[in-house]
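Note sheet for the following structure.
The values are calculated or read from the model by the stated rules, or taken from the named source; none is laboratory data. Here the structure is a predicted model, which is why all the values come from computation and not from measurement. Heads up, the Cβs are rebuilt from the backbone with ideal geometry, glycines too, and the neighbour counts pull from every protein chain shown.
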Amino acid sequence: MTKIQVYNTMTQKKEEFIPREPGKVSIYVCGVTPYSDTHLGHARPVVVWDVIKRFFRMLGYETFHVTNFTDVDDKIIARSAEEGVPALEISKRYIAEYLASMDALGVERADVYPKVSEHMPEIIGLVEKLVEKGNAYVANGDVFFHVASFPDYGKLSKQRLEELREGTRFEVDPAKKDAVDFALWKEAKPEEPAWESPWGDGRPGWHIECSAMSLKYLGEAFDFHGGGDELIFPHHENEIAQSEAATGSELARYWVHHGMVNLKDTKMSKSIGNVISLRELTKRYPQELLRFYLLSAHYRSALEYYEGKLEEVGKGWTRLNDSFRHLKIDMERAEEKELTDFDKKTLENLVQFEEEFISALADDFNTARAFGVLFEVVREVNGYKHQGGRTRQVLQKAFDIFQKFAGDVLGVLQTEQAQDSGLVEALMELLLELRQELRKQKNFALADQIRDQLAGLGVTIEDTPEGPRWKV
RNA sequence: GGCGGCAUAGCCAAGUGGUAAGGCAGAGCUCUGCAAAAGCUCCAUUCCCCAGUUCGAAUCUGGGUGCCGCCUCCA
């Protein structure tokens, strides 16, 4: 079986992936706080993990993927007060918006999307356990995690407790024993949504929901814990402290963090206000192009976005798709025949590219390298056809590679536009026949007029030695 | 101040000890009524700078410089 190398933030190096259970991959990816519109930055992890899952399944693994919604949160409460709408309605609205945007990217949904509001018993249970074990303390109606009680604190973010205390830039809650302690449970102020607990009415702090919900759906020491690299500290560090203090076992085996999407060198962030709406983008560009762009750099590097970026990236993407579309037409016309040496050589190269593609993804899901291989396939097959190669087996092999890798795994192949009827096709055929006749008669003026006017309608005509082709 | 990361052609981007993938843009050629598409060729003696290790470094070590992220909500 293909060995997969994964960069683990915990150890700061690539490691061979060994699943907790043979043949199964368990994944927890931190989701969003649904209080405003989904932006491009949210799309990156979703597409990256979609590809990781598809790749694992191509290799024969089963995947189980959990992504949470933090639907109980200060920002949602603030929004709720502003609009005079119940907090859970706000989150419901944005959860729907988030899911719709992700569907528009062609990603497969997670197996479970747990919400904080529906997991209070689990969260409270976990907090109680931490209090019992002496890792947390109650102060008035609040409960804090006592960081000093967890000796491994800082192991993910490589922070030292002393430095953290000094680095504290915010006012420390006087109820805390230690500046670095963080809230597990917060007492509700009047008018705020609240849930009953042993410590009075309140709501969970940030972090604890992920510990409680990952434990519920994935158990201890599950395979992958993912999220943006800005979550390494404090979010993931705190999750580790809570979960591992409570269970006594490892939270997750591999920590996979993706880079940010930047706008003009600066992180896309709602608080900065430089966000690109995903809904807008999915309206303007095909999902396969958006995926192509999001996967064009390795998932750990930062990715730039600026106006016109998709148009730039779109040229390469179009060449890939054109090559595939033309290949399909030629393949359907081609016949099986005995392989010539040229055929064999091409076939050999294709098989080689196939292996290289898998190696690229097996090496820490290197989609950028995978695209490099894909373009080698493009050149190989285009060159083969250019030199007159028309053997079905060869074209079929290239077609299968495109379909499987560019299509099934990466999801960047544009699917055929569903024609609502055969009418358009029939009309186009008629038009092209007429134009061919005009060209034969050297009436180029009229022939060009047809082409130009069709171009005006968004239909492109290409004359090839095998006859004309058209595309929308 | 602490921690983590990054710096490769005009732009994007792989490569992490063996002599610089791939894409875009650009130049030339082939094909073509023209165009488009496609093919071929060219396009970094060099990988931020300076030392060092090594037969050999973009890749390792040390020291700089610049940029990004985190330390406060954040994918």
Item to complete: Could you grab the pairs with beta carbons closer than 6 Å, sequence gap of 6+ or different chains, first residue in the stretch A:433-458 and closer than 19 Å to A:Val472 by Cβ, second one among the charged types (D, E, K, R) and surrounded by 13 or more Cβ atoms within 10 Å (Cβ to Cβ)?
Response: A:Ile450/A:Arg435
Discussion item. Going residue by residue through the stretch A:331-346, is there one that turns out to be outside the structural domain of A:Arg44 (by TED's automatic domain parsing), of a type in the set (A, V, I, L, M, F, W, C), touching a residue at least 40 places away in the same chain (Cβ under 8 Å) and touching a strand residue (DSSP E or B) at 6+ places or on another chain (Cβ under 7 Å)?
Written reply: yes
Worksheet item: Hey, does the stretch A:39-49 have a residue that's hydrophobic (A, V, I, L, M, F, W, C) and away from RNA strand B (no atom under 14 Å from the Cβ)?
Response: no
Fill in: Complete set of residues in the stretch A:245-300 that are among the hydrophobic types (A, V, I, L, M, F, W, C) and more than 20 Å from the chain's Cα centre (by Cα)
A:Ala245, A:Ala246, A:Leu251, A:Ile272
Practice prompt. Please work out which residue is nearest to RNA strand B (Cβ to nearest atom), limiting yourself to the stretch A:296-308 and to residues that are of a type in the set (D, E, K, R) and loosely packed, with under 14 Cβ neighbours inside 10 Å.
Written response: A:Glu304
Worksheet item: Which of (1) out of contact with any His (no Cβ under 8 Å at 6 or more places or on another chain); (2) among the polar types (S, T, N, Q); (3) within 15 Å of RNA strand B (Cβ to nearest atom); (4) modelled with pLDDT of 95 or more is the odd one out, the single condition A:Thr266 does not satisfy?
Response: (4)
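Conditions tested, residue by residue: (1) more than 10 Å from RNA strand B (Cβ to nearest atom); (2) surrounded by 15 or more Cβ atoms within 10 Å (Cβ to Cβ); (3) at pLDDT 85 or above; (4) assigned to a helix (DSSP H, G or I).
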| residue | (1), (2), (3), (4) |
| --- | --- |
| A:Ala398 | yes, yes, yes, yes |
| A:Asp408 | yes, no, yes, yes |
| A:Thr415 | yes, no, no, no |
| A:Ala418 | yes, no, no, no |
| A:Ser421 | yes, no, no, no |
| A:Gln436 | no, no, yes, yes |
| A:Arg439 | no, yes, yes, yes |
| A:Ile450 | no, yes, yes, yes |
| A:Gln453 | yes, no, yes, yes |
Response to the item:
(1) within 20 Å of A:Asp408 (Cα to Cα); (2) within 10 Å of RNA strand B (Cβ to nearest atom); (3) charged (D, E, K, R); (4) loosely packed, with under 13 Cβ neighbours inside 10 Å all hold for A:Asp322 apart from (4)
Worksheet item: What residue, among those in the stretch A:329-351 that are in contact with an Asp or Glu (Cβ under 9 Å, 6 or more places away or on another chain) and in a helix (DSSP H, G or I), is surrounded by the most Cβ atoms within 10 Å (Cβ to Cβ)?
Response: A:Thr346
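With A:Glu230, A:Glu220 as the choices, which residue is at pLDDT below 95 and among the charged types (D, E, K, R)?
Step by step, each of A:Glu230, A:Glu220 is checked, and only A:Glu230 is at pLDDT below 95 and among the charged types (D, E, K, R).
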Response to the item:
In the stretch A:56-113, anything on the phi > 0 side of the Ramachandran plot and either assigned to a helix (DSSP H, G or I) or surrounded by fewer than 14 Cβ atoms within 10 Å (Cβ to Cβ) (or both) is listed as A:Gly60, A:Gly84
Response to the item:
Within the stretch A:10-32, residues at pLDDT 95 or above, within 16 Å of RNA strand B (Cβ to nearest atom) and among the hydroxyl-bearing types (Ser, Thr, Tyr) come out as A:Tyr28
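For (1) at pLDDT 95 or above; (2) assigned to a helix (DSSP H, G or I), each residue gets a yes or a no:
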| residue | (1), (2) |
| --- | --- |
| A:Gly226 | yes, no |
| A:His236 | yes, yes |
| A:Ala241 | yes, yes |
| A:Glu244 | yes, yes |
| A:His257 | yes, no |
| A:Ile272 | no, no |
| A:Val275 | no, no |
| A:Glu280 | no, yes |
| A:Tyr293 | yes, yes |
Discussion item. Go through (1) away from RNA strand B (no atom under 14 Å from the Cβ); (2) modelled with pLDDT of 95 or more for A:Phe365 and report which single condition fails.
Written reply: (1)
Practice prompt. Given the conditions (1) more than 14 Å from RNA strand B (Cβ to nearest atom); (2) touching a His at 6+ places or on another chain (Cβ under 8 Å), report the number of the one that A:Asp341 does not fulfil.
Written response: (2)
